[in-house]
1. Are any residues in the range 3-26 within 24 Å of GLU55 (Cα to Cα) and touching a Leu at 6+ places or on another chain (Cβ under 7 Å), and if so, which ones?
2. Just for the range 130-150: of the residues that are within 15 Å of ALA113 (Cα to Cα) and small (Gly, Ala, Ser), which one is surrounded by the most Cβ atoms within 10 Å (Cβ to Cβ)?
3. Can TYR87 be described as aromatic (Phe, Trp, Tyr) and modelled with pLDDT under 95?
4. Pull up the range 161-176, narrow it to residues that are over 16 Å from the mean Cα position of the chain (by Cα) and among the aromatic types (Phe, Trp, Tyr), then point me to the one that is nearest to ILE132 (Cα to Cα).
5. I want to confirm something. Restricting to the range 104-123 and keeping residues that are near the ligand (Cβ under 10 Å from one of its atoms) and of a type in the set (A, V, I, L, M, F, W, C), which single residue is surrounded by the fewest Cβ atoms within 10 Å (Cβ to Cβ)?
6. Residues that are among the polar types (S, T, N, Q) and within 13 Å of the ligand (Cβ to nearest atom): which strands (runs of 3 or more DSSP E) entirely in the range 12-103 hold 2 or more of them?
7. Quick one: THR35 ticks every box in (1) more than 27 Å from CYS167 (Cα to Cα); (2) surrounded by 13 or more Cβ atoms within 10 Å (Cβ to Cβ) bar one, so which box is it?
Amino acid sequence: MFFNTITTMVHQLLRSYIQPGQIFVDATVGNGYDTLFLAQSVGENGRVIGFDIQEKALEEALKKIKKEGVEDRVSLIHDCHSKLDCYIKDPIDGAMFNLGYLPKGDSTIITTAETTLQALRKSISLLKPGGIITVISYYGHDGGEEEKKAVDQYLKNINEKEITVGCFSFINRHHYPPILYIIEKRKNRKK
Ligand SMILES: C[S@@+](CC[C@H](N)C(=O)[O-])C[C@H]1O[C@@H](n2cnc3c(N)ncnc32)[C@H](O)[C@@H]1O
């Protein structure tokens, strides 16, 4: 199925966008499924920079990445994604945010409105024209609603002349269906 889960849908979508040699950020590495997907998609000349505040998550992700032999193009950073500008100086082609808590991990360690918004702002400012950011918002856990509202509010108010923001959800699923935001920086118009 194309969109049985939101993550498969994001991978399908990004697959049609990502080119070999591009630079992508995984702002929430977790168990490393997205990092691995990005690393395989950008190819040997590409670069993936991943962040997580949990060492356990990064260790798990590193195992997956090494198993597939793509560790040469991945940098895993044990720090908050709100500090991504301390580590990344070059423009990026895209970023993935997969909000919430680590599946099968400690459900009290969650992404939060304050740092998520900082990371989003910084990613958008590093984003190349034509670049893309995907954000999956899960909000069924304690603290999730607050982050969801903040992200939604922030994205709805971004200048439409510079950034296009789309939003998708499963409208016939009633138990906190995840929300996908797709953010694209517009290319400069030729004068
Ligand atoms: C839903 S999981 C990500 C799943 C992941 N994309 C995957 O493919 O398995 C969210 C992750 O965000 C991490 N996280 C929470 N707050 C963070 C922060 N401020 N900076 C970076 N990562 C954070 C959590 O530790 C958790 O591993």
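1. To start, the set of residues in the range 3-26 that are within 24 Å of GLU55 (Cα to Cα) comprises 7, 23-26.
Matches in the range 3-26: PHE24, VAL25, ASP26.
2. SER137
3. Details: aromatic (Phe, Trp, Tyr): yes; modelled with pLDDT under 95: no.
In short, no.
4. That would be PHE170.
5. It comes out as ILE109.
6. Details: elements: 23-26, 47-51, 74-77, 92-98.
Output list is empty.
7. (1)
So that you can scan it fast, the table gives a plain yes or no per residue for (1) in contact (Cβ under 8 Å) with a residue 40 or more places away in the chain; (2) out of contact with any Cys (no Cβ under 9 Å at 6 or more places or on another chain); (3) more than 19 Å from GLY131 (Cα to Cα):
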| position | (1), (2), (3) |
| --- | --- |
| HIS11 | no, yes, no |
| LEU14 | yes, yes, no |
| THR28 | yes, yes, no |
| GLN40 | no, yes, no |
| GLY43 | no, yes, no |
| LYS56 | yes, yes, yes |
| GLU59 | no, yes, yes |
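The values are calculated or read from the model by the stated rules, or taken from the named source; none is laboratory data. These figures come from a predicted structure and were not determined experimentally. A quick note on method: Cβ atoms are made from the backbone with ideal geometry, for glycine too, and the neighbour counts reach across all protein chains shown.
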